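Report on one structure; see the data block that follows.
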Amino acid sequence: MKIGIIGAGNIGGNLTRRLTALGHDVSVANSRGPHTLTALAEETGATPVPVGEAARGAEVVVVTIPLKAVPDLPSGVLDGAAEGVAVIDTGNYYPKQRDGRIAGIEDEGLTESRWTERQLGHPVIKAFNGTYAQDILDRHRPAGDPGRLALPVSGDDEAAKRKVRALIEELGFDTVDAGGLDDSWRQQPGTPVYGLRGGVQEVTKALSEASPERTADFRG
């Protein structure tokens, strides 16, 4: 599968490593330019590209950059993607720690991924936002393994969600359908599932115990 990854930090870099190891054709981009991705490209066989070319021909695009940087992505960044492209948003809103206050989230009550979707102009699937980056490399397990972790996945586009869940399962993790994008507050920072290392039952329980009220640490 052709996959574009926008962002080469901890999550983006480790997804590049695992997805290329599984045989996928990965293009990776960051804000500093392809020349800064030479080492990752040599390690993985991924193709470093400018941000505006990351989605070209891609069946899946992963957007894994700081939330405050999403509006700065090039206009039409998803133009040229394959028909039916699934866009994964791994982002989190850290108003005090990094992003500053975002009015759409604070004043309109948008979930973080609904806000991101509006910036991109394309439906997104929220996944990997509460996953430890190192676990992508170290904690994958075959299906049925009692130690296999589960990740929550939310979004409105059911076909895209199926594609993303299948990719996550190929990566070595179970998935739990966390509902539509307006339900994705259940997996935002400060909720029981955020950062949880658990199986399907534990993740399902944690999602059910979430509160829509943001904790003070995650309010701007």
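Annotations
- Cα-Cα P(r), the stretch 34-156, percent of pairs per 5 Å interval: 2, 9, 16, 19, 20, 17, 11, 5, 1
- The smallest convex shape that holds all Cα atoms of the chain, its convex hull, gives 108 Å³ per residue.
- Amide hydrogen neighbours beyond the local backbone of LEU151, cut-off 5 Å, H modeled: ASP174, THR175, VAL176
- Stokes-Einstein translational diffusion, the stretch 90-166 - Kirkwood Rh over all Cα pairs, 0.692 mPa s, 37 °C, in µm²/s: 228
- Surface accessible to a 1.4 Å probe, per residue, for the residues of the stretch 49-173, Å²: 42
- Once the Cα-Cα distance is subtracted from the 0.36 nm per residue extended length, the LYS68 to ASP135 segment shows a gain of 21.6 nm.
- For a straight C-alpha distance cut-off of 18 angstrom, the lysines reachable from LYS68 (same-chain residues fewer than eight places away being disregarded) are LYS96, LYS126.
- Residues whose amide H lies under 5 Å from that of THR47, counting only those 5 or more places away or on a different chain, are VAL26, SER27, VAL28; hydrogens are built 1.01 Å from N in the peptide plane.
- Residues with amide H under 5 Å from that of ASN92, placed H, sequence gap 5 or more: LEU67
- Value of Rg to Rh for the stretch 26-92, rounded to two decimals, is 0.95; Kirkwood radius and Rg both from alpha-carbon coordinates.
- For the stretch 184-191, 3J(HN,Hα) computed residue by residue from phi via the Karplus equation (6.51, -1.76, 1.60; θ = phi - 60°) reads 6, 4, 5, 10, 6, x, x, 8 Hz, glycine and proline entered as x.
- Cα-based shape type of the stretch 150-208, given that a ≥ b ≥ c are square roots of the gyration tensor eigenvalues and the cut on a/c is 1.5: oblate
- Net charge in the neighbourhood of ASP145 (other residues with Cβ under 11 Å of its Cβ; Lys, Arg +1, Asp, Glu -1) is +2.
- Scalar couplings 3J(HN,Hα) for the stretch 116-122, obtained by applying the Karplus form with A = 6.51, B = -1.76, C = 1.60 to θ = phi - 60°, are 4, 4, 5, 5, 7, x, 8 Hz; x denotes Gly and Pro.
- Gain upon complete extension [SER75, ARG197; 0.36 nm per residue less C-alpha separation]: 40.3 nm
- Nearest-20 debye value, the chain charge dipole, Cβ charges on Lys, Arg, Asp, Glu: 420
- Solvent-accessible area, 1.4 Å probe, carbon plus sulfur percent, for the chain: 47
- q = 0.22, 0.24 Å⁻¹, the stretch 1-57: log10 I(q)/I(0) [Debye, one scatterer per Cα]: -0.70, -0.85
- Net charge contributed by nearby residues that have their C-beta within less than 10 Å of VAL193 (K/R +1, D/E -1): 0
The values are calculated or read from the model by the stated rules, or taken from the named source; none is laboratory data. Computed from a prediction, not measured in an experiment: that's the story for all the values here. Glycine also receives a Cβ, built like all others from the backbone with ideal geometry; neighbour counts cover every protein chain displayed. Accessible surface areas use protein heavy atoms only, side chains included; no ligands, DNA or RNA. Shrake-Rupley method; radii C 1.70, N 1.55, O 1.52, S 1.80 Å.
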